[in-house]
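To start, the structure under review is shown below, and the notes come after it.
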Amino acid sequence: MSTINELYSKLSSNIHKVIVGKDQTIKLLYVSLLCGGHVLIEDVPGTGKTMLVKAFSASLDCEFKRIQFTPDLLPSDITGINYYNMKTTEFELVKGPIFGNVILADEINRATPKTQSGLLECMEERQATIDGTCHALAAPFIIIATQNPLENMGTFPLPEAQIDRFFIKTKMSYPNFEENVDILDRFNRINPLESLEAVANKDDILKASDELNDIFIHRDLMKYITALVEATRNYPAVVLGASPRGALSLMKASKCIAAISGRSYVLPDDIKEVAIPTLAHRLMMTSSAKLKLNASADVIDEIVTKVPVPTETIFDGMYE
């Protein structure tokens, strides 16, 4: 799967002209893009969430739109409206910022749940209904949302239905000492984002996405994914486990990870690598478990450790 691997190398190298480190986060963004999913990046202010998304979008020759979520934002501000044109005596559609390829939903949890729910149809069905008429969204299409931890003032929890529509949830985290020095040095004189050029276009992305269909995953690995997901539903500290959509996300993501690694087939390690980013945010924890930091991620980590991995015999002689 050379196209997927080569495109990832080009995008990653280009983004690293701006972003220091964050290799795994960049990989997860790329995985979501090819799989047609959406990403939620949660972390404290100032860790580079918006900068990463802008560098990612600048590396793609696609239409970039930004929505700054605030408490007074309305669903129509996202999707658009029909307005009456006095000159033509007809209603005309003014499309909202959702009609783009890469959508930055900045600080999404600062808007009310009513406004956040305006994204539900767009995220799942790739369409927006305005005054009873459905309008197809662009392809490729990815929403990358950033949010601050819920403990911060002026934030609202995302509805469960919306959280489940995020293909992956990840975080930036603070840089280590050397990375922080590199950041200061890189931004000392100029902002490298201003000179960043695109290294891929829409056709490149769509072609790479189509190649994912050729990645083989053994039925035993499908059973392994199912076992992981079902284990979340029976875990004592979990009120609501991962959904079937979560299982599909885990399978798609593991296929993309395999392709990035230059393989045409999925290994158990590919599934393990993306188990936490694709499943942890979908778990609804008990009240006591919520008090523990990274509780849902710890649950997935423990489940991955305990659920038996399919034996290597299923691969014997298959890929020689």
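Every read-out reported here was derived from the displayed coordinates using simple, explicitly stated rules and does not represent laboratory data. What you see is a predicted model, and the numbers here were worked out from it, not measured in a lab. When we count neighbours, we look across all protein chains shown, and the Cβ atoms used for this are built from the backbone with ideal geometry, even at glycine.
Between the amide H of ARG66 and those of LEU104, distances stay under 5 Å, these residues lying 5 or more places away or on another chain, with hydrogens modeled in the peptide plane.
Full extension of the chain between SER117 and THR3 gives 37.5 nm of extra length, using 0.36 nm per residue less the Cα-Cα distance. Computed over the chain, the Cα gyration tensor eigenvalues convert (square root of 5λ each) into semi-axes of 32, 24, 23 Å, ordered from largest to smallest. Loop by DSSP (not H, G, I, E, B), at most 10 other beta-carbon atoms within 10 Å: where is the longest site-free stretch of the chain for trypsin sites (Lys or Arg not before Pro)? Result for the longest clean stretch: 190-320. Cα extents for the range 52-180 along the principal axes, largest to smallest and rounded to whole angstrom: 62, 34, 25. Please report the net charge: other residues with Cβ closer than 13 Å to the Cβ of ASN201, K and R +1, D and E -1. Charge balance in the 13 Å sphere: -2. With a simple spin-label model that places each label point 7 Å from the Cα along the Cα-to-Cβ direction, the separation between ASN85 and LEU240 comes to 4.3 nm. In the chain, the DSSP beta bridges split such that about 40 percent are antiparallel, to the nearest 5. When shorter helices are ignored and each DSSP H run of at least 4 residues is given -39500 (n - 2.57), the per-residue value for the chain at 222 nm works out to -12500 deg cm²/dmol. The count of lysine pairs in the range 215-310 with alpha-carbon distances below 23 Å, taking only pairs 8 or more places apart or on different chains, stands at 12. Working from label points 7 Å from Cα in the Cα-to-Cβ sense, the ARG219 to GLN24 distance is 3.4 nm.
Once the Cβ-Cβ distance of ASP301 and LEU93 is raised to the sixth power relative to R0 = 30 Å, the FRET efficiency obtained is 0.05. Exposure proxy shown here: for THR70, THR50, the number of other Cβ atoms within 10 Å sets the order, fewest to most, as THR70, THR50. Spherically averaged projected area of the convex hull of Cα atoms, the range 215-310: 5.6 nm².
Take the Cα of ASP185, step 7 Å along the line toward its Cβ, and report every residue of the range 1-41 whose backbone nitrogen sits under 20 Å from that point. Of the residues in the range 1-41, 13-23 have backbone N under 20 Å from the label point off ASP185. In this simple spin-label model, placing a label point 7 Å from the Cα along the Cα-to-Cβ direction at both SER76 and GLU63 gives a separation of 2.1 nm.
Positive-end ranking of VAL20, ILE41, PHE156 along the dipole of the range 1-211, with charges on Cβ about the Cα centre, is headed by VAL20.
Between the Cα long axis of helix 49-58 and the first principal axis of the chain there is an angle of about 80°, rounded to the nearest 10. Each Lys or Arg adds one and each Asp or Glu subtracts one; over the other residues with Cβ under 14 Å from the Cβ of LEU7, this totals -2.
Note on the range 208-251: Rg/Rh from Cα positions, Kirkwood definition for Rh, rounded to two decimals, is 1.10.
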